[in-house]
Amino acid sequence: MSEIEQFGYHQQLARSLSTLDLVVYGMVFMVPIAPYAIFGFVWHDSKGMVPLAYLLGLVGMLFTALSYASMSRAFPMAGSVYTYAHRGLHEIAGFFAGWAILLDYILIPALCYVVSVIAMRGLVPGVPGWVWLVGLVTFNAAVNLLGIHFTVRVNLYLLAAELLTLMLFVTLGGIALAHGAGAGGLTLKPLYDPAAFSLATVAGATATAVLSFLGFDGISTLAEENRGAASSVGRATLLALALVGALFMLQTWIAADLAVGMHFSSLDTAFYEICQRAGGTWLRIVIIVANVIATGIANAMAGQAAVSRILFAMARDGKLPHWLARVHPRYKTPYNSTLLVGALSLAVSWLLTERLQDLTRVVNFGALTGFLLLHTAVVNHYMRRMRSGDWFRYLLCPAAGFAVIAYVLYQMDIRAKILGACWLATGAIYYLVLTRVARKSPTLELDSAQ
């Protein structure tokens, strides 16, 4: 009996991914150069302590990654936090965890497309934004439809290009600092500035910075396409998060010191202006192009792949229309879910092209809410049900992760919390219609997996 058959499912997706493939996918989803797009907002909210905000975000996400690793071993299935809260807590908790994380995963590709359109406006102002949107969405949907193995192969080349670009900025930025630009060298102020530090200030900036980390959790959506042991998903999650977190801190530390004395024309383009100082116009153009490729193609592609698997898992369990659980007979991909995600990404990005900052803030709400349920599920499953004696792994670490995520969520912008609450309220209405009007069973519909 296969790993998922013991839970009442048949193997439908192709098991073709190695641990390295999973690490590459996670790194591409997070985007090693993700701070390029939101540096200005984090710099403003943290009063210049950008790497500190990323460090705190990394700590919180590491606790969350440990919880993902624990649950991925227990329940090696697609669906990510939806599956873990569903199996580890209760069917209702699973629904709301899945509903919350959908807000994150639906908006992440849209956010990537908006960032790309803003960047391309500066390079090719004569091309309408909708042209870029349609082209990017179509390309990513096509790649995802052709199979996850093909998607990961494309991601490997994209990741190599991102890392080369990052090395270029770090090198030229370091040379510029050594020659007196900005702070005139690496200083400790970006890590801790006693004149500007307050816990509320850094926590508020961290709420934005954690956006860059979102995607490590996407590795768990590929559990049914992992060809290794169930523990491979957890190892890949932790490794990808640690590697990308170190890169985030390195580049933002250099950028924060280069930013000393600068007055940005726009927070949207702050990092590009820093690149101008570090290496001139040509570096600025290279960074813009790299960011478009990283966000508009690599990150959005990974995001669309992840959310299509969550839709697949929820539809398979009868929580969403069953046609979303259909798998392509040749490519072994959830093709209806993939096409729906592409259409939603196009619509949302077109509507919110001029609202990048609002979109940036609200994206985090869904993921952080899902993470709270994830940590609770770990404690409930391992400590209450399994009677585990490993208090450190299954109680203290989830509790620490819960506390960090809850505080960051509390410090989040009020508009993001209002919009997020509206999304959860919509989910509650849908769930009531599903269970009270449509009379769907609150238990797993195992026949839908056949």
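Just so you know, all these numbers are worked out from the coordinates, no wet-lab data involved. On a predicted model such as this, the values are computed, not experimentally measured, just so you know. Every residue, glycine as well, gets a Cβ built from its backbone with ideal geometry; the counts of neighbours run over all protein chains shown.
Going by the alpha-carbon gyration tensor, a ≥ b ≥ c the square roots of its eigenvalues, is the chain rounded (a/c under 1.5) or, if a/c is not under 1.5, prolate (a/b greater than b/c) versus oblate?
Prolate, since a/c reaches 1.5 and a/b exceeds b/c.
Relative contact order for the range 214-336: what is it in percent, counting Cα pairs under 8 Å that are at least 6 residues apart?
17
For the chain, what relative contact order do you get, as a whole percent, if you take Cα pairs closer than 8 Å and at least 6 residues apart?
34
How do Val348, Val244 rank when sorted from fewest to most other Cβ atoms within 10 Å of their own Cβ?
In increasing order of surrounding Cβ atoms, one gets Val348, Val244.
Starting at the first residue of the range 228-245, write each ³J(HN,Hα) from the Karplus equation 6.51 cos²θ - 1.76 cosθ + 1.60 with θ = phi - 60°, in whole Hz, x for Gly and Pro.
x, 5, 4, 5, 4, 5, x, 4, 5, 4, 5, 5, 4, 5, 5, 5, 5, x
Mind listing the phi-derived Karplus ³J(HN,Hα) values for the range 306-318, rounded to whole Hz, using 6.51, -1.76 and 1.60 with θ = phi - 60°, and x for any glycine or proline?
Working through the residues one at a time gives 5, 5, 5, 6, 5, 4, 4, 5, 5, 5, 4, 8, x Hz.
Label the range 112-244 by shape, choosing from rounded, prolate and oblate, from the square roots a ≥ b ≥ c of the eigenvalues of the Cα gyration tensor; if a/c is under 1.5 it is rounded, and otherwise prolate applies when a/b is larger than b/c, oblate when it is not.
Oblate is the answer for the range 112-244, as a/c is 1.5 or above yet b/c matches or exceeds a/b.
Mind telling me which of Leu241, Leu214, Leu395 comes out most flexible in a GNM of the chain, alpha-carbon contacts under 10 Å?
Leu395
Taking springs between alpha-carbon atoms closer than 10 angstrom, which of Leu56, Leu424, Leu434 fluctuates most in the Gaussian network model of the chain?
Per the Cα network of the chain with a 10 Å cutoff, Leu434 tops the list.
What stretch of the chain, leaving out the sites themselves, is the longest with no trypsin sites (Lys or Arg not before Pro) in a DSSP loop having at most 10 other Cβ atoms within 10 Å?
Looking at the chain, 1-329 is the longest stretch - no exposed trypsin sites (Lys or Arg not before Pro) with at most 10 other Cβ atoms within 10 Å.
Could you list Thr201, Thr208 in order of exposure, starting from the residue whose Cβ has the fewest other Cβ atoms within 10 Å?
If I rank by nearby Cβ atoms, fewest first, I get Thr201, Thr208.
To the nearest Å, what is the center-to-center distance of the range 34-80 and the range 112-188, using C-alpha atoms only?
Going from one Cα centre to the other spans 19 Å.
Taking other Cβ within 10 Å of each residue's Cβ, how do Ser308, Ser198 sort, fewest first?
Ser198, Ser308
Please compute the length gained on full extension between Ile285 and His328, using 0.36 nm multiplied by the number of residues separating them and subtracting their Cα-Cα distance.
Contour length minus Cα-Cα distance gives 11.5 nm.
Quick check: Cα centre of the range 257-327 to Cα centre of the range 389-419, how many Å?
24
Can you tell which of Thr206, Thr64, Thr269 lies farthest toward the positive end of the dipole of the range 12-449, using +1 and -1 charges on the Cβ of basic and acidic side chains (Lys, Arg; Asp, Glu)?
The residue sitting most towards the positive pole is Thr64.
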